[in-house]
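The structure under discussion is supplied below as structure tokens; questions concerning it will follow.
The values are calculated or read from the model by the stated rules, or taken from the named source; none is laboratory data. Not measured: the values here are computed from a predicted model. Because the Cβ atoms are built from the backbone with ideal geometry, glycine has one as well, and the counts that use them run over all protein chains shown. Side chains included, ligands, DNA and RNA excluded: accessible areas come from the protein's heavy atoms. Shrake-Rupley method; radii C 1.70, N 1.55, O 1.52, S 1.80 Å.
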Amino acid sequence: MTGRGILIIHNPQAGGGRRRIVEDVHQACVALGAEVESRATRCPGDAETLAREGAGEGFGTVVAAGGDGTVNEVLNGLMGVAPGAARPAMALLPAGTVNVLAAELELPREPAASAAMLVAGRRRRIDVGRANDRFFVSCAGVGADAAAVARVSLPLKRMVGRGAYAAAAVHALALEAGRLFGVEVGGQRVEASALLATNIKRYAGPCLVAPAALLDDGLLDVVLARSGGRAAWFRYGLHLLFGTLRDAPGLMHLQTRRVTVADPPGLPVQVDGDIRTHTPLAIEIIPAALELVVPAAMPVAEAP
Ligand SMILES: Nc1ncnc2c1ncn2[C@@H]1O[C@H](COP(=O)(O)OP(=O)(O)OP(=O)(O)O)[C@@H](O)[C@H]1O
């Protein structure tokens, strides 16, 4: 471990019933002889401030303990570190409703294994995406998934967890027309009703959307749904659920460093599972921008 020690940033509001894990991991890190501090967020956006402050204080590792929202805030805090200053490594402690990157990498969920990873894990350099001015580790999207994310009810998420995303998807399908927007990618302009730019293979945890995606290949995997309308979105949704998205008619899949959406303006954009920006949109990949702490024994390439 480099730097002053480990800073755990914990969102006490994150769902999943795993709040005690933070305390357990903290104690297990102390038992392993590590210098560790835990700080709870006080409001939305606080994890970003705490991460930036932690970097300034010289912590070597900053841990995002919560769901994808907390991970994204910690990432943005770390990416906001002033040029020339040391950027701590990021680590993940899954304690939220959804933790897509932790699930993709099969990171430990048990306190003892998590603590071993934090104290004696390996640092792996990964690419970071940027959607306008918001950084992401997993994915950004316009169209179908952003329409669903925009309709996730927080009270329902607290009650039923992941089920709130399914309810929001049905809600979006009922109200949205699945209209087309203009995408520029790889030197061509195409129309699409949904765009997903991802750095990882799976979407929302279990759904395989980009089998060739690697966290460290310097590329975004872009999936475009070319057909518009509700019926098309419904079909794509079924293909996604049944793991057959690659066979869906009208689907385009490519690898690129940059993709843009110019019009229409004002479409919501989901970034790591929350609406963080709107079109016009430029999504790009920043190769090897961040060190991620992974278990010491983890293989270099993730299994497909
Ligand atoms: N102390 C706090 N009080 C209220 N909201 C907070 C607090 N700390 C963080 N938040 C907000 O809570 C939101 C949800 O957090 P997070 O994503 O970590 O957990 P989750 O909702 O369980 O998981 P997921 O987003 O993966 O479904 C974040 O967008 C964050 O801004």
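Could you calculate the FRET efficiency of ALA31 with ALA85 from 1/(1 + (r/R0)^6), where r is the beta carbon distance between them and R0 is 45 Å, rounded to 0.05?
Efficiency for this residue pair is about 0.90.
Which whole-Hz ³J(HN,Hα) couplings does the range 75-84 yield from phi under the Karplus relation 6.51 cos²θ - 1.76 cosθ + 1.60, θ = phi - 60°, glycine and proline marked x?
4, 5, x, 5, 6, x, 4, 4, x, x
Students often check this: by mean Cβ neighbours within 10 Å, which of 205-217, 244-256 ranks highest, and how do the rest follow?
Most protected by this proxy first, the peptides run 205-217, 244-256.
So how tilted is helix 230-241 from the main axis of the chain? Cα-based, degrees 0 to 90, rounded to 10.
40
Using 0.36 nm times the number of residues separating ALA167 and VAL190, minus their current alpha carbon distance, what extension gain do you get?
Values: separation 23, 0.36 × 23 = 8.28 nm, distance 3.02 nm.
So the extension gain works out to 5.3 nm.
Taking 25 Å as R0, compute the FRET efficiency from the Cβ-Cβ separation of ARG4 and ALA296 and round it to 0.05. Write down the numbers at each step before the final one.
Numbers: r = 21 Å, r/R0 = 0.84.
With a Förster radius of 25 Å, E is 0.75.
With r as the distance between the Cβ atoms of ASP263 and GLU106 and R0 = 51 Å, compute the FRET efficiency 1/(1 + (r/R0)^6) and round to 0.05. All intermediate terms of the calculation are to be shown ahead of the outcome.
Values: r = 40 Å, r/R0 = 0.78.
Given R0 = 51 Å and the Cβ-Cβ separation, E is 0.80.
Another question about this same structure. With Cβ to Cβ distances under 14 Å as the rule, what net charge do the other residues near LEU245 carry (K, R +1; D, E -1)?
+2
Normalising by the residue count of the range 6-54, find the relative contact order in percent from Cα pairs under 8 Å and 6+ residues apart.
Working: 43 pairs, mean separation 25.6, N = 49.
Reported as a whole number, the value is 52 percent.
For the chain, what is the calculated [θ] at 222 nm in deg cm²/dmol (nearest 500), taking -39500 (n - 2.57) for each run of four or more DSSP H residues and dividing by its residue count?
Using -39500 (n - 2.57) per qualifying helix, the result is -8500 deg cm²/dmol.
Per residue, how many Å² of accessible area does the range 135-286 show with a 1.4 Å probe?
44
Restricting to the chain, compute how many DSSP beta bridges are antiparallel as a %, nearest 5.
For the chain, the DSSP antiparallel bridge percentage is about 75.
Quick check: at a probe of 1.4 Å, how many percent of the accessible area of the range 135-286 sits on carbon and sulfur atoms?
60
Working out 0.36 nm times the residue gap between ALA212 and PHE242, then minus their Cα-Cα distance, what length gain in nm do you get to one decimal?
Values: separation 30, 0.36 × 30 = 10.80 nm, distance 1.85 nm.
Full-extension gain reported as 9.0 nm.
Compute the distance in nm between two label points, each set 7 Å from the Cα along the Cα-to-Cβ direction, one at GLN255 and one at ASN132.
It is 3.0 nm.
Rounded, prolate or oblate, given the Cα gyration tensor of the range 1-135, with a/c below 1.5 counting as rounded?
Taking the square roots of the gyration eigenvalues as a ≥ b ≥ c, the range 1-135 is rounded.
With only Lys, Arg, Asp and Glu charged, each at its Cβ (+1 for the first two, -1 for the last two), find how big the charge dipole of the chain is about the Cα centre; round to the nearest 20 debye.
440
Compute the Cα gyration tensor for the range 135-286, then decide on rounded, prolate or oblate, letting a ≥ b ≥ c be the square roots of its eigenvalues: rounded whenever a/c is under 1.5, prolate when a/b is larger than b/c in the other cases, and oblate in all that remain.
rounded
Right, something else. Take the solvent-accessible surface of the protein heavy atoms, probe 1.4 Å, and return the percent of it on the range 6-121 that carbon and sulfur atoms account for. Intermediate values should be presented prior to the final figure.
Working: 2250 of 4390 Å².
In the range 6-121, the share of accessible area belonging to carbon and sulfur is 51 percent.
May I ask you to order 64-76, 86-98 by the average number of other C-beta atoms within 10 Å around their residues, highest value first? Spell out each step's value before the answer.
Values: 64-76: 27.9, 86-98: 23.8.
Per-residue mean Cβ counts within 10 Å order the peptides as 64-76, 86-98.
Rounded if a/c is under 1.5, else prolate if a/b is larger than b/c, else oblate: which is the chain, with a ≥ b ≥ c the root eigenvalues of its Cα gyration tensor?
Details: a/c = 1.88, a/b = 1.64, b/c = 1.15.
Judged from the Cα gyration tensor, the chain comes out prolate (a/c at least 1.5, a/b above b/c).
How tilted is helix 111-120 with respect to the longest principal axis of the chain? Cα atoms for both, answer in degrees (0 to 90, nearest 10).
Orientation of helix 111-120: about 80 degrees from the principal axis.
Still on this structure, I have one more. Positive end of the dipole of the chain, charges at C-beta (+1 Lys, Arg; -1 Asp, Glu), about the Cα centre: which of ALA112, GLY205, HIS10 has its Cα farthest in that direction?
Working it through, the farthest residue towards the positive pole turns out to be GLY205.
Now, a different point. Using unit Cβ charges (K, R positive; D, E negative) and no other charged atoms, how large, in debye to the nearest 20, is the dipole of the range 165-270 about its Cα centre?
Numbers: 10 positive and 8 negative charges, 31 e Å.
Roughly 140 debye for the range 165-270.
Return the whole-Å distance between the Cα centroid of the range 177-194 and the Cα centroid of the range 235-295.
12
Pairing the Cα long axis of helix 20-31 with the longest principal axis of the chain, what angle in degrees results, from 0 to 90 and rounded to the nearest 10?
40
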